[in-house]
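The values are calculated or read from the model by the stated rules, or taken from the named source; none is laboratory data. Just so you know, these numbers come straight off a predicted model, no measurement behind them. Positions of Cβ are backbone-derived with ideal geometry, glycine not excepted, and every protein chain shown enters the neighbour counts. Protein only, heavy atoms only, side chains kept; ligands, DNA and RNA dropped before computing areas. Shrake-Rupley method; radii C 1.70, N 1.55, O 1.52, S 1.80 Å.
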Amino acid sequence: ELEGCKALMSAYLLTGAAGFIGARLAEFLLQDGHEVFGVDNLSQAYDVRMKEYRLTRLQQKPDFHFLRKDITDKALIAQLQAELPPVEAVINLAAIVGVRASTKDPWSYLYTNTLGTLNMLEFCARAGVKKFILPSTHSLYGNEGKPPHAETAPTDHPLAPYAASKKGAEALCHAYHYLYGIDVTIFRYFTVYGPAARPDMVMFRFTQWISEGQPVRLNGDGEQSRGFTYVDDIARGTILGLKPMGFEIINLGGHESIRINELICMLEELIGKKAQVEYLPRHKADMLSNWANVEKAGRLLGWEPQVSLRDGVARLVDWYNQERSWAKDIQTV
């Protein structure tokens, strides 16, 4: 009983608080009675209006505090030490993501994903924060082995700078766990979707393009498959990882696999419009299929996805229709 009371009083540092998964995770923590200190630099990596929309919703909640800062800034370590009350954990969701874009600007991926993680780990070491959560990526599995990929699959041959930057972050997490006893849970997220999703990802783009009668630009023949998981399931799973675990790497998401052509059919049906598909060459950095083995998440966290693909896609389409006045203008490339 007393433990439960204590848990309700916890404060968390959440980087990437205006991000797609970060904002939903913050909402869940706040609903559970926690205090959230959110850090985000509102980067221009994709249309910033989406981040502003999410952030505005969070700032209406009294237990949410926002600091507009960049985790690559070493001075942030001392600032957080000086200004923050003791926090239960650092949830380091700030990242620059996306496989293809990382081939154009690899430096920003290294700075944010690797150096930024180092700074947040260093803050934990100096401030005595006992728990650290890092989202990593399924992209580390590359094209080796056959899906569904388990956490023990090889990850030493990244196909793009994005995956390489996350591999570096994972390695730093282990070093800080070893040196300072920081309890670390690394989540390798697979493809996540839902309302207010990242506009550079397939679900939002296809929803917007089909709804607005724009060509659906598809890299490859559409027979490639992706495993998808709804954002609420990912946020809940991440929160379950806040318990003491030592050092663990856990797949999260990508439990329900679908071919991209089938996904387009599902969206056509839910939106009530035909897609004008434009087939383009497959991008070299793209994986042919990504589908997760999530047995470990079930075993260690009792995690089970609750939202089916069809229900989740319907929720995304409903959200888009509700916010269409501005969502139709969000840049998707």
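Some values worked out for this structure:
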| item | result |
| --- | --- |
| Some residue of segment 290-302 being more than 25 Å from Gly145 (Cα to Cα), crowded, with 17+ Cβ neighbours inside 10 Å and either touching a residue at least 12 places away in the same chain (Cβ under 8 Å) or in contact with a Lys or Arg (Cβ under 7 Å, 6 or more places away or on another chain) (or both) | yes |
| Those residues of segment 210-252 which are touching a Gly at 6+ places or on another chain (Cβ under 9 Å), crowded, with 20+ Cβ neighbours inside 10 Å and in a strand (DSSP E or B), in sequence order | Arg226, Gly227, Phe228, Thr229, Tyr230, Ile250, Leu252 |
| Every pair of residues 6+ apart whose Cβ atoms lie under 9 Å, when the first sits in segment 212-239 and is at positive phi while the second is β-branched (Val, Ile, Thr) | Gly220/Ile260; Gly222/Ile260; Gly222/Ile264; Gly222/Val277 |
| Leu159, sole failed condition from (1) touching a Pro at 6+ places or on another chain (Cβ under 9 Å); (2) assigned to a loop (DSSP other than H, G, I, E, B); (3) under 23 Å from Ala101 (Cβ atoms); (4) hydrophobic (A, V, I, L, M, F, W, C) | (1) |
| Every pair of residues 6+ apart whose Cβ atoms lie under 6 Å, when the first sits in segment 112-131 and is within 19 Å of Gly241 (Cβ to Cβ) while the second is open to solvent by 10 Å² or more (accessible area, probe 1.4 Å) and assigned to a loop (DSSP other than H, G, I, E, B) | Asn113/Ala95; Val129/Val87 |
| Checklist (1) out of contact with any Gly (no Cβ under 6 Å at 6 or more places or on another chain); (2) without any contact (Cβ under 8 Å) to a residue 40 or more places away in the chain applied to Pro199, failing item | (2) |
| Which numbered condition Pro305 misses (of (1) surrounded by 20 or more Cβ atoms within 10 Å (Cβ to Cβ); (2) under 29 Å from Ser102 (Cα atoms)) | (2) |
| Residue satisfying all of: in segment 104-117; open to solvent by 70 Å² or more (accessible area, probe 1.4 Å) and not hydrophobic (A, V, I, L, M, F, W, C); nearest to the chain's Cα centre (by Cα) among these | Tyr111 |
| Residue within segment 186-205 that is over 27 Å from Arg49 (Cα atoms) and open to solvent by 10 Å² or more (accessible area, probe 1.4 Å) present | no |
| Members of segment 271-329 found to be part of a loop (DSSP other than H, G, I, E, B), farther than 29 Å from Tyr162 by Cα and among the acidic types (Asp, Glu), listed by number | Glu323 |
| Restricting segment 262-289 to residues that are of a type in the set (Gly, Ala, Ser) and more than 24 Å from Pro147 (Cα to Cα), the residue that is least open to solvent (accessible area, probe 1.4 Å) | Ala275 |
| Close pairs (8 angstrom Cβ cut-off, 6 or more residues apart or separate chains): basic (Lys, Arg) in segment 61-74, in a loop (DSSP other than H, G, I, E, B) anywhere | Arg68/Asn41; Arg68/Leu42; Lys69/Asn41 |
| Filter pass, Ala175 being more than 25 Å from Leu58 (Cα to Cα) and either at pLDDT 95 or above or more than 22 Å from the chain's Cα centre (by Cα) (or both) | yes |
